[in-house]
Amino acid sequence: MTGGSTDNSPRPNETAHEQTNVWKAARAELAGLPDGNMNIAWEAVDRHTHSGQGDAVALIWLGKNGERREIRYGELARLSDQFANALERLGIGKGERVCALTGRIPELFVTALGTLKAGAVFCPLFSAFGPEPIKVRLAKSQARVLVTTATLYERKVRSLREDLPDLRQVLLTDVTEAGPGTGSFHDLLAAESDRRALPKTRPDDMALLHFTSGTTGTPKGAIHVHEAVIAHRLTGRLALDLRPGDIYWCTADPGWVTGVSYGIIAPLTNGVTLVVDEAEFDARRWYRILAQERVNIWYTAPTAIRMLMKIGSEAARGHDLSALRFMASVGEPLNPEGVLWGQTVFGQPFHDTWWQTETGAIMIANHGAHPVRPGSMGRPLPGIEAAIVRRRSDGPLEPLGPDEIGELVLRVGWPSLFRGYLNDAARYQACFADGWYLSGDLATQDTDGYFWFLGRSDDVIKTSGHLIGPFEVESALLEHPAVAEVGMIGKPDPFAGDIIKVFVALKSGYTASDALRKELLGFARTRLGPAVAPRELEFVADLPKTRSGKIMRRLLRARELGLPLGDLSTLEGQQSPDND
Ligand code: ATP
Ligand code: MG
């Protein structure tokens, strides 16, 4: 397979030449730095202050105790300059890692941007992790500096210090005095100038280190470079419709790639005002934020949408949501039910977007003038060529035709493609073949160019000769009014290969019973047909999820089959005594 311009390639959306032009134009739109340098933070913040936009609000921070603080682009530029200066004074060199372990607080944004300006590498850690996952990530990334809070430090980091010889400095955001082995983030900043020479980073210098969600196994550290900002900015505009002056809320935590690519970089580079909510999910609070902050664009996730659906649409009543112009979702397949529910409650659909930690930015989305197709991930963005292929052990990838199930692959060449897995060159190499990046997700493409997600290659099963992905089975069951969440697994069967088992969490007001089990199995059978219908159904209170909100089907399967449970570092609700 040689690419989009060949005859046998499945309906390329653009030629390679057109794609190159998209990225060339996007690169030219950035102000850039002298000598061909490029820096994510400079493009996100200083470009605006240099063009007289320093007074525009960059961030509206909503504290969990009711505080509200606005931070302007100018202030963010100065604070991040101070932090960059402080890193330099601490002797942090180019490419060295600075980790953040905090909740969603303004200091997190200053840390991210200041680190990038200093030419160091920003690596966010999710604040609800327990000590073990934190230790593994700090050690793997060879973190030199950690920014955290006094409480998180005491509970989760202090006892690890002697195992982390590379960690030189721990900066606490909420103390005024340095303690043993720690420094005060704010004191350090106060001692620094808020001016700084232009950053000297190259477009292909390492900028971000993101650990994947760990849905399929041990999280991998994906490396991204400064020129990824070209993709963050363009995809923010094309897939999320970000325009200068918009009020935008990304509900993802910056501990994960979405919270950085689309919770910091894409919105700031597009000159929008970010809403940052420190508190955890709470349906009523969320509707209040959407209404009071007059949010125009909202980027959230299927799990959150399902939780809102579970609580019921009455919770939205009485809130003026008329400012909302665009709603989108990422992280997991968005079931058609969710799209349609958006239409009912908000008068507009959620737009599904597909991408991965490795792709760095949105690749496929329901976007632009093309109508949303509920249940479809949408179409590749300009500059992206996607295809469905079959891998062969000997020979090139085999392109597949419309509606044929295969692996989703992307032609290499967009700026935010990851440049390596930390300390794992072989695994990185294995992600590429014939000039394509192999996503590991199975999907189909229809004759109109829309892509339909089937499941991760690990989650798709073969039963009585059919390839079945969790998405279609789970989506069918979600149409039943009693069902809040579903997870599907394949269970080995001597006759069928695998049979389908589903785990179902019910909406409030419904009680598990044999009668309901039969009803749900019958319901699924009517919708899916006997070959694809689940044979077994078990009621559960909750489904196991990663901390980024993805259903961990591998864990359902391992528990069911009595297999080793594997890496649980990102499992939600793991180390509750350490959680805040
Ligand atoms: P790990 O690689 O450690 O197992 P992960 O793949 O869940 O974790 P991420 O990079 O955060 O880590 O998630 C990317 C994956 O999430 C995709 O490969 C895909 O399976 C799923 N995903 C993301 N968005 C969508 C979407 N819109 N529809 C379907 N699946 C999606
Ligand atoms: Mg993955």
Among (1) more than 16 Å from ligand 1 (Cβ to nearest atom); (2) closer than 30 Å to ALA541 by Cβ; (3) part of a loop (DSSP other than H, G, I, E, B); (4) in contact with a Phe, Trp or Tyr (Cβ under 9 Å, 6 or more places away or on another chain), which single condition is MET309 missing?
(3)
Go over the candidates VAL389, VAL409 one by one and state the one that is under 26 Å from HIS466 (Cα atoms), without any contact (Cβ under 8 Å) to a residue 40 or more places away in the chain and buried (at least 22 other Cβ atoms within 10 Å of the Cβ).
VAL409
Specify the residue that is farthest from ligand 2 (Cβ to nearest atom); the eligible residues are those in region 432-456 that are crowded, with 16+ Cβ neighbours inside 10 Å and in a loop (DSSP other than H, G, I, E, B).
GLY449
With (1) within 13 Å of ligand 1 (Cβ to nearest atom); (2) of a type in the set (D, E, K, R); (3) surrounded by fewer than 14 Cβ atoms within 10 Å (Cβ to Cβ) as the list, and ASP403 as the residue in question, which single condition is left unmet?
(1)
If you take the residues of region 420-431 that are part of a loop (DSSP other than H, G, I, E, B) and within 15 Å of ligand 2 (Cβ to nearest atom), which of them is farthest from GLY406 (Cα to Cα)?
LEU422
Inter-residue pairs, beta-carbon under 7 Å, first surrounded by 13 or more Cβ atoms within 10 Å (Cβ to Cβ) and in region 15-37, second at pLDDT below 90, 6+ apart
THR15/GLY4; THR15/SER5; ALA16/GLY3; ALA16/GLY4; ALA16/SER5
Applying the selection to region 217-243, what residues are at pLDDT below 95 and out of contact with any strand residue (DSSP E or B) (no Cβ under 6 Å at 6 or more places or on another chain)?
GLY217, THR218
Every pair of residues 6+ apart whose Cβ atoms lie under 7 Å, when the first sits in region 462-482 and is over 11 Å from PRO333 (Cβ atoms) while the second is at pLDDT 85 or above and among the hydroxyl-bearing types (Ser, Thr, Tyr):
ALA482/TYR510
Residue check for TYR262: aromatic (Phe, Trp, Tyr) and either within 16 Å of ligand 2 (Cβ to nearest atom) or outside any helix (DSSP H, G or I) (or both):
no
So for region 429-448 (the condition being more than 14 Å from ligand 1 (Cβ to nearest atom) and under 30 Å from ALA143 (Cβ atoms)), does at least one residue qualify?
yes
Looking at (1) under 14 Å from TRP286 (Cβ atoms); (2) within 16 Å of ligand 2 (Cβ to nearest atom), which one does GLU332 not meet, given that it meets all the others?
(1)
Report the residue count in region 457-489 for those that are at pLDDT below 90, assigned to a strand (DSSP E or B) and either assigned by TED's automatic domain parsing to the domain that holds GLY312 or of a type outside the set (Lys, Arg) (or both).
5
Could you list, in sequence order, the residues of region 360-371 that are assigned to a loop (DSSP other than H, G, I, E, B) and either near ligand 1 (Cβ under 8 Å from one of its atoms) or within 13 Å of LEU240 (Cα to Cα) (or both)?
ALA361, ILE362, MET363, ASN366, HIS367, GLY368, ALA369
Based on what the data block shows, is ALA191 touching a residue at least 40 places away in the same chain (Cβ under 8 Å), surrounded by 23 or more Cβ atoms within 10 Å (Cβ to Cβ) and either of a type in the set (D, E, K, R) or away from ligand 2 (no atom under 15 Å from the Cβ) (or both)?
no
Looking at region 214-226, I want the residues that are closer than 19 Å to ALA139 by Cα and have a partner that is among the aliphatic types (A, V, I, L, M) and in a loop (DSSP other than H, G, I, E, B) with Cβ atoms under 8 Å, at least 6 apart or on another chain. Which pairs are those?
LYS220/LEU422; GLY221/LEU422; ALA222/LEU422; ILE223/LEU422
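This table checks each residue for (1) aliphatic (A, V, I, L, M); (2) surrounded by fewer than 19 Cβ atoms within 10 Å (Cβ to Cβ); (3) in contact with a helix residue (DSSP H, G or I) (Cβ under 6 Å, 6 or more places away or on another chain).
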{"site": "ASP458", "(1), (2), (3)": "no, yes, no"}
{"site": "LYS462", "(1), (2), (3)": "no, yes, no"}
{"site": "GLY469", "(1), (2), (3)": "no, no, no"}
{"site": "HIS480", "(1), (2), (3)": "no, no, yes"}
{"site": "GLY497", "(1), (2), (3)": "no, yes, no"}
{"site": "SER508", "(1), (2), (3)": "no, yes, no"}
{"site": "SER513", "(1), (2), (3)": "no, yes, no"}
{"site": "ARG517", "(1), (2), (3)": "no, yes, no"}
Here is a list: LEU125, LEU167. Which entry is closer than 30 Å to ARG47 by Cβ, of a type outside the set (Val, Ile, Thr) and in contact (Cβ under 8 Å) with a residue 12 or more places away in the chain?
LEU125
Residues of region 120-137 being surrounded by fewer than 24 Cβ atoms within 10 Å (Cβ to Cβ) and more than 20 Å from the chain's Cα centre (by Cα), which ones?
GLY130, PRO131, GLU132, LYS135, VAL136
Does LEU198 fit the bill of being buried (at least 24 other Cβ atoms within 10 Å of the Cβ) and more than 12 Å from ligand 1 (Cβ to nearest atom)?
no
Tally time: how many residues in region 196-214 are part of a loop (DSSP other than H, G, I, E, B), small (Gly, Ala, Ser) and away from ligand 2 (no atom under 16 Å from the Cβ)?
1
Got a number for residues in region 77-93 being at pLDDT 95 or above and within 18 Å of LEU208 (Cβ to Cβ)?
5
Any idea which of (1) free of Cβ contacts under 8 Å to residues at least 12 places away in the same chain; (2) closer than 25 Å to MET307 by Cβ; (3) in a helix (DSSP H, G or I); (4) of a type outside the set (Ser, Thr, Tyr) is the one ARG517 doesn't satisfy?
(1)
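The values are calculated or read from the model by the stated rules, or taken from the named source; none is laboratory data. Nothing here was measured: the structure is a model prediction, and the numbers come from that model. As a convention, Cβ positions derive from the backbone with ideal geometry for all residues, glycine included, and neighbour counts pool all protein chains shown.
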